[in-house]
Amino acid sequence: MRGFCSVHTHSRLCDGTDSLSEMAWAAYEAGAVSFGASGHSHTPFPEDEGGVLPEDMTVYRKEVLRLREEFTGRMDVLLGIELDNCADVTAEGFDYWIGSVHHLKDAEGRWHTVDWDAGRLERCCQEAFGGDALEMAAQYYREVQQMAARKPTILGHFDLITKFNESGTFFDEASPRYRTAALEALHRIDPGETLLEINTGAMSRGYRTVPYPALFLLKEWRTMGGRVILTADAHSAPAVVFGYGQAAELARTAGFSSSVLLTAAGPMDCGL
């Protein structure tokens, strides 16, 4: 890789373990061109409190802008947000935003999380989808389609529904039913507006051995003329560029020769 950035990051202000300053310094010391804070957006669910930013993001904004000044001339610092599909705030006033689906709604209007742990995902499958995991996955991708229609800067962890499924515990990822739902969602992304991230976050936290998204999706995205960005979805300072070598290799296998860097001057293509 000739260059890299770290723009999918979470600090103690949401569900990370380190301060924004510690995260930014780790990115700088790793050689990142730019660091982006992308705290989890507030949601209307009490159970999310403590793991998301407060509805009033003043403190968050001020700290990121302070870091921007601190790193002037050394590394770009960008103000971002990871906007959930059920967020009750907007991405207005941010340098960039990551659009992600973390929740699914059942027929009775109740919301379920899909990425906290395997037990909660199992309950979601049983309570909301009658044990039909492929229907759960299809509903997930319907939510992804809606997020894609909003044209986020980056579409987050596209196939997050597979987080606890690497061994096929919930469904067969080679199933035509699964792949049709995933590809339909992929085709709703505007390649001219949105980047697809190759995300290593589940690897650094021990849930997966390969990045998101699956190779068949990346190959199709390449055919569509889409661009990719490498992200660590880091929740700790040591993970700010975790697994970038593996992510870059996956991108090359899918046919990409470059990835995108988000910088203060805008997106830049950089060879892998």
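In whole percent, and with a 1.4 Å probe on the protein chains, what portion of the accessible area of the stretch 123-272 is carbon and sulfur? If you can, show how the numbers build up before the last one.
Numbers: 2830 of 5780 Å².
The value for the stretch 123-272 is 49 percent carbon and sulfur by accessible area.
Could you pull out the trypsin sites (Lys or Arg not before Pro) across the stretch 214-251 that fall in loop regions by DSSP (anything but H, G, I, E, B) with no more than 14 other Cβ atoms inside 10 Å? Let's see the in-between values first.
Details: sites: Lys219, Arg222, Arg227; in loops: Arg227.
Of the trypsin sites (Lys or Arg not before Pro), not one in the loops of the stretch 214-251 has a Cβ with at most 14 other Cβ atoms within 10 Å.
Can you find, among Leu53, Ala30, Trp116, the residue sitting farthest towards the positive end of the charge dipole of the stretch 1-155, where Lys and Arg contribute +1 and Asp and Glu -1 at Cβ?
Farthest along the dipole direction, towards plus: Ala30.
Using the heavy atoms of the protein chains and a 1.4 angstrom probe, tell me the accessible area per residue for the chain in square angstrom.
Working: 11040 Å² over 272 residues.
Result: 41 Å² of accessible area for each residue.
For the peptides 185-197, 92-104, 228-240, what is the packing order when you average, over each peptide's residues, the other Cβ atoms within 10 Å and list the highest mean first? Could you put the intermediate results ahead of the total?
Values: 185-197: 18.9, 92-104: 21.6, 228-240: 24.7.
Going by the mean number of other Cβ atoms within 10 Å, highest first, we get 228-240, 92-104, 185-197.
Taking Rh as the Kirkwood radius, which is the inverse of the mean 1/r over Cα pairs, what is the Rg/Rh value for the stretch 226-272?
Details: Rg = 11.3 Å, Rh = 11.4 Å.
The Rg/Rh ratio comes out at 0.99.
Leaving out ligands, DNA and RNA but keeping every protein chain, what accessible area does Glu127 have, in Å² rounded to the nearest 10, with a 1.4 Å probe?
In the full protein context, Glu127 sits at about 110 Å².
For Asp48, what accessible surface area do you get with a 1.4 Å probe? Give it in Å², rounded to 10.
10 Å²
By average Cβ neighbour count within 10 Å, what is the ranking of 203-215, 109-121, 18-30 from highest down?
On the way: 203-215: 18.0, 109-121: 15.5, 18-30: 19.9.
Going from most to least packed, we get 18-30, 203-215, 109-121.
With θ taken as phi - 60° and the coefficients 6.51, -1.76 and 1.60, list the Karplus ³J(HN,Hα) couplings across the stretch 246-253 in order, rounded to whole Hz; mark glycine and proline as x.
Each residue's phi maps through the Karplus curve to give 5, 5, 5, 5, 4, 4, 5, 4 Hz.
Taking Rh as the Kirkwood radius, which is the inverse of the mean 1/r over Cα pairs, what is the Rg/Rh value for the chain? List each step's numbers first, then the result.
Details: Rg = 17.5 Å, Rh = 18.6 Å.
Rg/Rh: 0.94.
Going by a ≥ b ≥ c, the root eigenvalues of the Cα gyration tensor, does the stretch 144-272 fall in the rounded group (a/c under 1.5), the prolate group (a/b larger than b/c) or the oblate group? Intermediate values should be presented prior to the final figure.
Values: a/c = 1.58, a/b = 1.12, b/c = 1.42.
In terms of gyration-tensor shape, oblate.
So what are the ³J(HN,Hα) numbers for the stretch 10-24, from phi and the Karplus equation (6.51, -1.76, 1.60; θ = phi - 60°), rounded to whole Hz, Gly and Pro as x?
Taking θ as phi minus 60°, the curve returns 9, 10, 5, 6, 10, 10, x, 9, 10, 6, 4, 4, 5, 5, 5 Hz for the stretch 10-24.
Have a look at the DSSP beta bridges in the chain and tell me what percent are antiparallel, nearest 5. List each step's numbers first, then the result.
Details: 10 of 32 bridges.
In the chain, approximately 30 percent of DSSP beta bridges are antiparallel ones.
Given the convex hull over the Cα atoms of the stretch 1-112, what projected area results after averaging over all orientations, in nm²? Show your work: numbers first, answer last.
Numbers: hull surface 31.3 nm².
With the hull built on Cα positions only, its mean projection is 7.8 nm².
The values are calculated or read from the model by the stated rules, or taken from the named source; none is laboratory data. Keep in mind the model is a prediction, meaning the values are calculated, not measured. Don't worry about glycine lacking a Cβ; one is built from the backbone with ideal geometry, like all the others, and counts go over all protein chains shown. These accessible areas exclude ligands, DNA and RNA; they are computed on the full protein's heavy atoms, side chains included. Shrake-Rupley method; radii C 1.70, N 1.55, O 1.52, S 1.80 Å.
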